[in-house]
Amino acid sequence: MRVAPQITLSEETQKQLEQLARSNTVSVREARRASIILLAAQGKTNHEISDALGIGRMQVGRWRHRYINEGWEAVAQDRPRGGRASRVDSQEIVRLTTQTKPVNATHWSTRQLAEVAGVSASTIRRIWQAHGLKPHRIKTFKVSRDPKFVEKLEDIVGLYLSPPEHALVLCCDEKSQVQALDRTQPGLPLKKGRAQTMTHDYKRHGTTTLFAALNVLNGQVIGQCQQRHTHAQWLKFLRQIDRETPKKKDLHLICDNYATHKHPKVREWLEKHPRFHMHFTPTSASWLNRVERFFRDLTTQRLRRGVFSSVPELIESINTYIEQHNQNPKPFIWTAKAKDILEKVVRANRKLSSKQNDALH
């Protein structure tokens, strides 16, 4: 008659196994195996253990022998199981995804690529997730070709990271063609189990242009809505900035390269107001102007889902948003150094040059 080998547990090991057997957080398999080892250590036979736990006697014997030979670590984990070798060539799927395109589309979908590769769509999805591939998404970019890019970048980032004393740094720009859009039918409000509704079509009631200057120190905004955005309106806005800022402080204005900002009459006015110092962002680098972040918040929080029956109503809504923003302003903190930005630009230019050379050959 075969006798099951005896198991002896140390006091510490027994406490650990008892905690596992009673735990509600470990897997059922792990708790059951801990119970098997504990009962075996009490001198019970495989048959008695199988009856007590409601499992097969062969299973009890297998885990008893494995614990004796290899310890608890071998019992806690299942051994690798055999099975049919995978026929899916993951590298080929990745190659097809990144280096080819379907005949009738600009990018692959899981179903299209599955049909070509002869596998299931779920397999394609799993491989894409493992390799971080998202063909349905695209990121926009534009590398600046401004010959003075480095000089302008260092100038503006220097103002952000180390602003001059006894001066204000203002990020200025225009948000043009802000439309007063009215929906063709009234929507339904948000309620439990249903999203707010809004018609897909709209009525246009005109546009306005928002001139804004963001104080990088405290996040406050000076705003003005005007019908157009020529040099005359820009001069009017500069006069407002002059009125609403402390007279004894110099003003460093960060602007883009729009021709309005460099008009002869604007230059003439600036010469008469020496406390104004202009700093222009490089071409195709509007991301350097922090007021763009304020424009994004204004769009998402107030304009995109807003309903306006007239331009005056739109202007009133924008002015109210600015007033409420200035009651509790939060400045946008700039942390990127000019050196780090330049390194990224250099890498981007290298990639573009490489792709252009590959296209030529």
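The values are calculated or read from the model by the stated rules, or taken from the named source; none is laboratory data. Quantities reported herein were computed from a predicted structural model and do not represent experimental measurements. Glycine gets a Cβ as well: all are built from the backbone with ideal geometry, and neighbour counts include every protein chain shown. When the accessible area is computed, the model is the full protein with side chains, heavy atoms only, and any ligands, DNA or RNA have been set aside. Shrake-Rupley method; radii C 1.70, N 1.55, O 1.52, S 1.80 Å.
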Pairs with Cβ under 9 Å, 6+ apart, first in the stretch 332-350 and part of a helix (DSSP H, G or I), second at pLDDT 80 or above and aromatic (Phe, Trp, Tyr) | LEU342/PHE149; VAL345/PHE149
Say we look at the stretch 279-288 and pick out the residues that are surrounded by fewer than 18 Cβ atoms within 10 Å (Cβ to Cβ) and part of a loop (DSSP other than H, G, I, E, B); which of these is nearest to the chain's Cα centre (by Cα)?
-> SER284
Please state which one of ARG267, ARG243, ARG302 is basic (Lys, Arg) and either within 30 Å of LEU188 (Cα to Cα) or part of a strand (DSSP E or B) (or both).
-> ARG302
Starting from residues that are among the aliphatic types (A, V, I, L, M) and modelled with pLDDT under 90, keep the ones in the stretch 83-104 and report whichever is surrounded by the most Cβ atoms within 10 Å (Cβ to Cβ).
-> VAL88
Can you tell me which of THR207, THR199 is out of contact with any Lys or Arg (no Cβ under 6 Å at 6 or more places or on another chain) and surrounded by 10 or more Cβ atoms within 10 Å (Cβ to Cβ)?
-> THR207
Pairing a residue in the stretch 177-190 that is within 11 Å of GLY206 (Cβ to Cβ) and open to solvent by 50 Å² or more (accessible area, probe 1.4 Å) with any residue that is part of a loop (DSSP other than H, G, I, E, B) and of a type in the set (Asp, Glu), where Cβ atoms lie under 9 Å and the two sit 6 or more apart in sequence or on different chains, gives none
How many residues does the stretch 1-52 contain that are acidic (Asp, Glu) and either under 15 Å from ARG64 (Cβ atoms) or more than 47 Å from the chain's Cα centre (by Cα) (or both)?
-> 4
How many of the residues making up the stretch 153-196 are outside any strand (DSSP E or B) and closer than 16 Å to PHE308 by Cα?
-> 4
With respect to ALA52, is the statement that it is in contact with a Leu (Cβ under 6 Å, 6 or more places away or on another chain) and free of Cβ contacts under 8 Å to residues at least 60 places away in the same chain true?
-> no
Which one is least open to solvent (accessible area, probe 1.4 Å), of the residues in the stretch 258-278 that are out of contact with any helix residue (DSSP H, G or I) (no Cβ under 6 Å at 6 or more places or on another chain) and closer than 18 Å to LEU214 by Cβ?
-> HIS261
Could you list, in sequence order, all residues of the stretch 232-250 that are within 14 Å of ASN215 (Cβ to Cβ) and surrounded by fewer than 17 Cβ atoms within 10 Å (Cβ to Cβ)?
-> GLN240, GLU244, PRO246, LYS249, ASP250
Within the stretch 10-26, how many residues are part of a loop (DSSP other than H, G, I, E, B) and either open to solvent by 100 Å² or more (accessible area, probe 1.4 Å) or modelled with pLDDT under 80 (or both)?
-> 3
Is one or more of the residues making up the stretch 217-225 under 30 Å from PRO246 (Cα atoms) and open to solvent by 60 Å² or more (accessible area, probe 1.4 Å)?
-> yes
